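Written below as structure tokens is the structure these notes are about.
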Amino acid sequence: MYIPEIETQPQEQIKLFQESKLKNLLNYLNDKSAFYSAFFKKHKVDINSIATLEDLSKIPTTTKDDLQKHNYDFLCVPQSEIIDYLTTSGTSGEPVVFAETENDLQRLAYNEYISFACATAKADDIFQLMVTLDRRFMAGMAYYEGIRKLGAAIVRVGPGNPGLQFDTIERIKPTALVTVPSFLLKLVEYAEKNNIDYKNCSIKKAVCIGESIRNEDFSLNKLGQRIKDKWDIELYSTYASTEMGTAFTDCQYGMGGHHHPEMIIVEFLDEDENPVEPGTPGEVTITTLGVEGMPLLRFKTGDICNHHVEKCRCGRTTTRLGPVIGRKNQMIKYKGTTLYPPALYDVLNDIKGVENYVVHVDKNTIGTDDIEIRIGTCCGNELLEKKIKDRFRTKLRVAPSVVFYSPREIAKMQFPELSRKPITFVDNR
């Protein structure tokens, strides 16, 4: 298992390493970025005064609004050097265009190589990719290139189509999957209906993307436990985004996504943009390292997470990222209770009869938040509705309204035209 040397160094050594990279980045942004050079002048930032990671607090943060309003002003290279265009998913606003150079793609491949190595991947693995490589999607291509760099084999199947997935497993005997974890339950359901002996197939592990499978204490959440109860394979969480071009991935001990100091500086900030202590929820705020096309400085992702700094049993000394508690702009105030969508998902994933769902949030006539949960089920009735509401009251103290649909209708809501990953939260506020 490959571990970059910097990831096993003392925290102080990692900090000095990142500070040397930070100086180069600030000079690069000042020279090459129309957005950041103007940003530094507007906010009277003297980049020569930024010498330590603590000095970053002298620079205001940037947000997705900045990216949306000034998209191409973030570009640091001439168009002739761009070889790949992609966009963010647009789950929290209009999609943003990102442009990458050859070096950016090489960086992306290296990031995924060390991330898959973190998840105990080896050159003799065969990975079945259950994600799209098209639709302007960074992740699918990143996984593909990272696995190539690892030296492992790949079979590109794409999302959905359980029949084709199992046909591939039977024909090619892959050892690992890259997939949205909830799709693993769809595979199990298909296998059980079609008498497929999935428990004794070639698959040994799955790298799970897009959905959390762990609680804040790193135990498996309801989704993760349901998968594990049905299919006893190794499960690895990963957290990433197009903006950061970097992944935080579990090692074999499942104690949080490991930070790669070569790739990114990460801060965890409170509402007043002050650093929070380890184990305290904070907004993940990132500064990319080694990006040529569209590097970002103190970019607020909107994701709220805990972080941990104790040395991991795998030997890495880097910061570990806990599961996403919620997105800052998706916080719901419902009948006096503060909720994030993952808390709702965790309840729904533990109720038999709930096949799929979409959570809708609106403002009501008195200006407070309303929640309607649209549930796909083949057995919708008053008893199931009561069971769902009782479970919500027990776990969260409040019970949202519930509306039943067929699983097919919900699937259409989850995958509208141009969508490349399931939409489970719709915010109409």
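The values are calculated or read from the model by the stated rules, or taken from the named source; none is laboratory data. What you are looking at is a predicted structure, and each value in this text was computed from that prediction instead of being measured. Don't worry about glycine lacking a Cβ; one is built from the backbone with ideal geometry, like all the others, and counts go over all protein chains shown.
If you check every pair at least six apart or on different chains, which have Cβ atoms under 9 Å apart with a residue in segment 1-17 that is without any contact (Cβ under 8 Å) to a residue 12 or more places away in the chain first and a residue that is part of a helix (DSSP H, G or I) second?
Gln13/Ile6
For Lys186, are the conditions met, namely being in contact with a Phe, Trp or Tyr (Cβ under 8 Å, 6 or more places away or on another chain) and part of a helix (DSSP H, G or I)?
On the way: in contact with a Phe, Trp or Tyr (Cβ under 8 Å, 6 or more places away or on another chain): no; part of a helix (DSSP H, G or I): yes.
Against the criterion (in contact with a Phe, Trp or Tyr (Cβ under 8 Å, 6 or more places away or on another chain) and part of a helix (DSSP H, G or I)), Lys186 does not qualify.
Is there a residue in segment 383-393 that is outside the structural domain of Leu86 (by TED's automatic domain parsing), part of a loop (DSSP other than H, G, I, E, B) and not aromatic (Phe, Trp, Tyr)? Show your work before the answer.
Of segment 383-393, the ones outside the structural domain of Leu86 (by TED's automatic domain parsing) are 383-393.
In the following step, the residues that additionally are part of a loop (DSSP other than H, G, I, E, B) were identified as none.
No - not one qualifying residue is present in segment 383-393.
Return the only residue of Ile154, Ile147, Ile203, Ile169 being touching a strand residue (DSSP E or B) at 6+ places or on another chain (Cβ under 8 Å), assigned to a loop (DSSP other than H, G, I, E, B) and either crowded, with 17+ Cβ neighbours inside 10 Å or of a type in the set (Gly, Ala, Ser) (or both). Write out each step before concluding.
Values: Ile154 fails: assigned to a loop (DSSP other than H, G, I, E, B); Ile147 fails: assigned to a loop (DSSP other than H, G, I, E, B); Ile169 fails: assigned to a loop (DSSP other than H, G, I, E, B).
Selected residue: Ile203, the only one of Ile154, Ile147, Ile203, Ile169 that is touching a strand residue (DSSP E or B) at 6+ places or on another chain (Cβ under 8 Å), assigned to a loop (DSSP other than H, G, I, E, B) and either crowded, with 17+ Cβ neighbours inside 10 Å or of a type in the set (Gly, Ala, Ser) (or both).
Are any residues in segment 189-200 under 29 Å from Pro342 (Cα atoms) and buried (at least 16 other Cβ atoms within 10 Å of the Cβ), and if so, which ones?
Those that are under 29 Å from Pro342 (Cα atoms) and buried (at least 16 other Cβ atoms within 10 Å of the Cβ): Tyr190, Ala191, Tyr198.
Please determine whether any residue of segment 174-188 is exposed (fewer than 15 other Cβ atoms within 10 Å of the Cβ) and out of contact with any Lys or Arg (no Cβ under 7 Å at 6 or more places or on another chain).
Start the filter on segment 174-188 by keeping residues that are exposed (fewer than 15 other Cβ atoms within 10 Å of the Cβ), which leaves none.
No.
For segment 169-200, enumerate the residues that are of a type outside the set (D, E, K, R) and more than 28 Å from the chain's Cα centre (by Cα).
Just the residues of segment 169-200 that are of a type outside the set (D, E, K, R), to begin with: 169, 172, 174-185, 187-188, 190-191, 194-196, 198, 200.
Those that are of a type outside the set (D, E, K, R) and more than 28 Å from the chain's Cα centre (by Cα): Ile172, Asn194, Asn195, Ile196, Asn200.
Which of the residues spanning segment 383-412 are surrounded by fewer than 17 Cβ atoms within 10 Å (Cβ to Cβ), of a type in the set (Ser, Thr, Tyr) and touching a residue at least 12 places away in the same chain (Cβ under 8 Å)?
Scanning segment 383-412 gives Ser401, Ser406.
Within segment 139-162, identify whether any single residue is within 20 Å of the chain's Cα centre (by Cα) and of a type in the set (Asp, Glu), and answer yes or no. Explain how you work it out, then say what you get.
Filtering segment 139-162 down to residues within 20 Å of the chain's Cα centre (by Cα) leaves 139-147, 158-160.
Still in the running and of a type in the set (Asp, Glu): 145.
Yes - at least one qualifying residue is present in segment 139-162.
Do you know which residues across segment 124-144 are assigned to a helix (DSSP H, G or I) and of a type outside the set (Gly, Ala, Ser)? Steps first, please.
Going through segment 124-144, the residues assigned to a helix (DSSP H, G or I) turn out to be 138-144.
Matches in segment 124-144: Met138, Met141, Tyr143, Tyr144.
Filter segment 369-382 down to residues that are in a strand (DSSP E or B) and without any contact (Cβ under 8 Å) to a residue 24 or more places away in the chain, then give me how many there are. Break it down into steps so the answer makes sense when it comes.
From segment 369-382, those in a strand (DSSP E or B) are 369-376; that's our starting set.
With without any contact (Cβ under 8 Å) to a residue 24 or more places away in the chain added as a condition, the list becomes none.
Count: 0.
Mind checking which residues of segment 238-259 are among the aliphatic types (A, V, I, L, M) and either in a strand (DSSP E or B) or over 22 Å from Val96 (Cα atoms) (or both)?
Narrowing segment 238-259 to residues among the aliphatic types (A, V, I, L, M): 240, 244, 247, 255.
Listed by number, the residues that qualify are Ala240, Ala247, Met255.
Just one of Ile59, Ile50, Ile14 is of a type in the set (A, V, I, L, M) and more than 14 Å from Arg298 (Cβ to Cβ); which is it?
Numbers: Ile59 fails: more than 14 Å from Arg298 (Cβ to Cβ); Ile50 fails: more than 14 Å from Arg298 (Cβ to Cβ).
That would be Ile14, the only listed residue that is of a type in the set (A, V, I, L, M) and more than 14 Å from Arg298 (Cβ to Cβ).
Which residue out of Ala109, Ala121, Ala99, Ala117 is surrounded by 19 or more Cβ atoms within 10 Å (Cβ to Cβ), of a type in the set (A, V, I, L, M, F, W, C), in a strand (DSSP E or B) and within 22 Å of the chain's Cα centre (by Cα)? I'd like the intermediate steps shown before the answer.
On the way: Ala109 fails: in a strand (DSSP E or B); Ala121 fails: in a strand (DSSP E or B); Ala117 fails: in a strand (DSSP E or B).
From the options Ala109, Ala121, Ala99, Ala117, the qualifying one is Ala99.
Considering only residues that are in a loop (DSSP other than H, G, I, E, B) and of a type outside the set (Ser, Thr, Tyr), which ones fall in segment 206-237?
Ile209, Gly210, Glu211, Ile213, Asn215, Glu216, Asp217, Phe218, Asn221, Trp231, Asp232, Ile233
Name every residue in segment 400-424 that is hydrophobic (A, V, I, L, M, F, W, C) and either in contact with an Asp or Glu (Cβ under 7 Å, 6 or more places away or on another chain) or outside the structural domain of Leu383 (by TED's automatic domain parsing) (or both), in order of residue number.
First pass over segment 400-424, keeping only residues hydrophobic (A, V, I, L, M, F, W, C): 402-404, 410-411, 413, 415, 418, 423.
Scanning segment 400-424 gives Val402, Val403.
Out of (1) of a type in the set (Lys, Arg); (2) touching a residue at least 40 places away in the same chain (Cβ under 8 Å); (3) farther than 30 Å from Ile50 by Cβ, the odd one out for Lys352 is which?
Result: Lys352 passes all but (2).
Scan segment 119-138 residue by residue and report those that are touching a helix residue (DSSP H, G or I) at 6+ places or on another chain (Cβ under 9 Å) and of a type outside the set (D, E, K, R).
Those that are touching a helix residue (DSSP H, G or I) at 6+ places or on another chain (Cβ under 9 Å) and of a type outside the set (D, E, K, R): Ala121, Ala123, Ile126, Phe127, Gln128, Leu129, Met130, Val131, Thr132, Leu133, Met138.
Give the residues of segment 319-340 that are under 18 Å from Asp390 (Cα atoms) and buried (at least 16 other Cβ atoms within 10 Å of the Cβ), sorted by residue number.
Of everything in segment 319-340, those that are under 18 Å from Asp390 (Cα atoms) and buried (at least 16 other Cβ atoms within 10 Å of the Cβ) turn out to be Tyr334, Leu339.
Among the residues that make up segment 124-140, is at least one of them in contact with a strand residue (DSSP E or B) (Cβ under 9 Å, 6 or more places away or on another chain), on the phi > 0 side of the Ramachandran plot and β-branched (Val, Ile, Thr)?
Within segment 124-140, not a single residue is in contact with a strand residue (DSSP E or B) (Cβ under 9 Å, 6 or more places away or on another chain), on the phi > 0 side of the Ramachandran plot and β-branched (Val, Ile, Thr).
Where the second residue is part of a strand (DSSP E or B) and the first is at positive phi and lies in segment 244-267, which pairs have Cβ atoms under 6 Å and are six or more apart or on separate chains?
Gly256/His308; Gly256/Arg320; Gly256/Leu321
Of all the strands (runs of 3 or more DSSP E) wholly in segment 277-367, which have at least 3 residues that are of a type outside the set (A, V, I, L, M, F, W, C), over 20 Å from Thr394 (Cβ atoms) and in contact with a Leu (Cβ under 7 Å, 6 or more places away or on another chain)?
Working: elements: 282-288, 299-305, 332-334, 337-339, 356-363.
In segment 277-367, the matching strands (runs of 3 or more DSSP E) lie at 282-288.
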